[in-house]
Structure formats: structure tokens, C-alpha cells
Amino acid sequence: MLTRFAPSPTGELHLGHAYSAVLAHGAARAANGRFRVRIDDIDGSRSREHYVTASLADLAWLGLDPDGDPVRQSAHLGRYAAALDELRSRGLVYPCFCTRADIAASLAAPHGPSGSIYPGACRHLSGAERDRRLAVEPHAWRLDMARAAALAGELRWEEQGRGMRVADPSAHGDIVLARKDAPASYHLASTLDDAAMGVTHVIRGADLIASTDVHRLLQALLGLPTPVYRHHGLVCGPDGKRLAKRDAAASLASLRDAGVDGPALAADLLAQRLPAGYSLKIP
Ligand code: GLU
């Protein structure tokens, strides 16, 4: 068994991250498996090096010892480019020149599980127009969802302890796999890295369960193994809302500064005991 905790270094870790990391670490230790840390740092505009350092310090404070050095997504850009090349050569992705404003302005843009569903303007461009614009315009690469889903057929994954789930990637529409300003989307990078790291159990918050529809499809298209998934409850603050990076009081740094004992907090979280005022919202 191999589990992972994969923070994005775009802010301080809070109790919700600690809960996720503790569950992944605890599951690995209980099964005599391995626990790894991955830094999801390919969003160059939002990732900050000091958050990498701070996140690793928080994990050490909690007493969560990773097996091996942390891996970084920014070291795997070639892996993402190769997968995109493969999908391109099979006609499963197309370049998209639309701006956010173009998409927002489209009356036909309904909402899906990961934001607005792309109305598809660039899906229908001719080969000649694509080539002409590719040479001069910034572009993203989108998955041709209808073709991809038809190719993959029915897809399932095991939600640990809760049986099999049917993936519904089509509900997401033509998702972005590489952005104008980032070499791979979260979906592509995370799916490829989980496979390359040999992750057998993906343990993450229930806010990401819809993403698993897409990850399962990418696994099928790229011939990758499917891990078992556990989407856990979300830690909510005293206001009953799920924690966000802006909730400074729940940040691990402020708990540490307040004299909280890290390993004792980790043991409590593993037993689903939360500090006063916090609760778990089980989906
Ligand atoms: N870096 C992602 C996040 O922090 C990881 C999500 C995942 O565990 O797949 O949301």
C-alpha cells in the first residue's frame, strides 16, 4: 500500500489538510505500507516556495514522517507533455483559444461539477484555422469529452468501504488538460503522478470526489492503474463552513504558536476527535 498527501503550496496548511494527511499517513502505517508527500507546484502564478517549506514543517510538527523525499510536480513537466502528445496523436484533445471572458459571455455555458461546461467553439475549428492560430495565439488544450468517453465506455472505481462508484466524466464537458499559463491541469498532473508514484490508495477530501470522474477517464485513456479512493469528510470551522486557506485561526502554524502538541493533535484527528468548535461534515 502506498498513500500520499499532495498539498498545493498556495497558502498555509490548516486543520483540514492535517486531517487528510493524518488519514493518509495512518492508513499506510496500519497496513505496513508507505506514505509519501507530493508538492503540487505547477501553478506558477500561485505557488510560493515559502509555503513548500512551511507545509513540510507543519507535517514534521504533526509527527508525520514521509517515506522518501517529497516529490514535486514541477520536476515532471516532461511526463505531462508526453501524455498530452499521446492524446493529441489520437485526436482526443484540441487547442482552445477562448479567454475566460469569451466563455463567460457564452449564453450556452451551463455549469458542471468543475465549473462552467465549455460550449465547444474551438472544437469545431477547421484544421487549417487551428494551425494558423496555433502559431500565433496563446492556447489551452481541451479533452474532446464525447470522443474520450465513448472510447472509454463505462468506468468505475472502488470507494473504500462504500462499494463501487460509476464515474460520470461527461458531466464535466471538454475539460482543460493544459493551460495557457500552466503545462498541465490538476487533473492531468495528479492522475499521471499518482500512477508514476505507485499510489494504491488516494485519500483526499470529499470536495474532490467529482474530480475522480475525470481521473478515472484519464486512467482508462492512458492505460494507467486505478487506485482505491477514499473521499473523507471535510473539517468545518465554528461557523459550520468548510475551512479555507484564509481561516487563519485554524492554520497549523497558529496552532503550533499557541502551544498545541502536534503528535497529540495528529492522534486526535486520526480518532476523528477535533479541537473544540470544529466539526466534520461527512458527505
Ligand atoms: N494539490 C491538490 C489540492 O491541494 C491535491 C488534491 C488531491 O489530493 O488529489 O487540492
Next on the checklist: So in the range 186-196, with the set limited to residues that are more than 8 Å from the ligand (Cβ to nearest atom) and over 14 Å from residue 7 (Cβ atoms), which one is farthest from the chain's Cα centre (by Cα)?
Outcome noted: 196
Checklist outcome for this item: Within the range 197-227, residues more than 14 Å from the ligand (Cβ to nearest atom) and in contact with a His (Cβ under 8 Å, 6 or more places away or on another chain) come out as none
Checklist outcome for this item: Looking across the range 225-270 at residues that are among the acidic types (Asp, Glu) and part of a helix (DSSP H, G or I), the single one that is nearest to residue 52 (Cα to Cα) is 257
Next on the checklist: Please verify whether residue 3 is closer than 17 Å to residue 244 by Cα, of a type in the set (Val, Ile, Thr) and either buried (at least 24 other Cβ atoms within 10 Å of the Cβ) or near the ligand (Cβ under 9 Å from one of its atoms) (or both), treating the condition exactly as stated.
Outcome noted: no
Item to check | Filter pass, residue 174 being within 15 Å of the ligand (Cβ to nearest atom), in contact (Cβ under 8 Å) with a residue 12 or more places away in the chain, of a type in the set (Asp, Glu) and crowded, with 18+ Cβ neighbours inside 10 Å | outcome: no
Checklist entry - Can you name the number of the only condition in (1) within 16 Å of the ligand (Cβ to nearest atom); (2) in contact with an Asp or Glu (Cβ under 8 Å, 6 or more places away or on another chain) that residue 34 fails? => result (1)
Next on the checklist: Condition check: acidic (Asp, Glu), surrounded by 12 or more Cβ atoms within 10 Å (Cβ to Cβ) and within 22 Å of residue 232 (Cα to Cα). Does residue 158 satisfy that?
Outcome noted: yes
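Values quoted throughout were computed directly from the atomic coordinates according to the rules given, and no laboratory measurement underlies them. Since this is a predicted model, take the numbers as computed values, not measurements. Neighbour counts run over all protein chains shown; Cβ positions are idealised from the backbone, glycine included.
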